[in-house]
Amino acid sequence: MKATYNTLHESGLLNKAVDVALEVRQRAYAPYSQFLVGAVLIDDQHHFHMGCNVENASYGLTQCAERSAVTAATAAGRRSMLACVIVTDTEEPTMPCGACRQVLAEYGTDLLVVSRTLSGAERIAMLSELLPHSFGPTSLPARG
């Protein structure tokens, strides 16, 4: 089920997701970078699954907000996602990092990605545009 920006905007889901991402962004744990990120996944039942970044003194163990939201959605038993909404305090909207793009692709590359800044700047893309020719479940050999 492919979501469109207009559908999410007209239904009010997009603005609600932005509000939730703004709220969860304030809960981020980012003592090293001070870069607070909030993310919300909207599933096919229009439920929100939120996440924020959680830094670690061993930088490689830091978890991005998008992957945190994927964990929340998975824990809720949800597997079909329509959109990922991200909020950051940057001049330009920040799209998911490469690792997050790969993790999000596990749920399908027809995911709508909407990134907003605190000042209202916005960037919109389909995950398939951000991660063309992705590695996914169909890339693995069939088990039998």
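Only the coordinates and a few stated rules stand behind these numbers; no lab work does. No experiment lies behind these values; they were computed from the predicted model shown. Backbone-built Cβ (ideal geometry, glycine too); neighbour counts: all protein chains shown.
Give the residues of segment 1-23 whose amide nitrogen is closer than 13 Å to a point set 7 Å from the Cα of residue 80 in the direction of its Cβ. Answer for segment 1-23: 1-3. So what does the Cα-only Debye profile of the chain read at q = 0.12, 0.13, 0.14, 0.17 Å⁻¹, as log10 I(q)/I(0), no solvent term? Once normalised to I(0) and log-transformed, intensities are -0.45, -0.53, -0.61, -0.89.
Rounded to two decimals, the Cα radius of gyration of segment 13-78 over 2.2 N^0.38 Å is 1.11. Suppose a student asked you for the relative contact order of the chain, using Cα pairs under 8 Å spaced at least 6 residues apart; what percent would you report? Once divided by the residue count of the chain, the mean separation gives 20 percent.
Coupling constants for segment 23-36 follow from the phi torsions by the Karplus curve (6.51 cos²θ - 1.76 cosθ + 1.60, θ = phi - 60°), and in residue order they are 5, 5, 4, 5, 8, 4, 10, 9, x, 9, 9, 6, 9, 8 Hz; glycine and proline get x. What the phi angles of segment 114-129 give under the Karplus curve with 6.51, -1.76 and 1.60, with θ = phi - 60°, is a coupling list of 10, 10, 10, 9, 4, 7, x, 5, 9, 10, 10, 7, 8, 4, 4, 6 Hz, glycine and proline written as x. Cβ crowding within 10 Å, taken as a proxy for footprinting-reagent exposure, orders 22, 41, 130 from fewest neighbours to most as 22, 130, 41.
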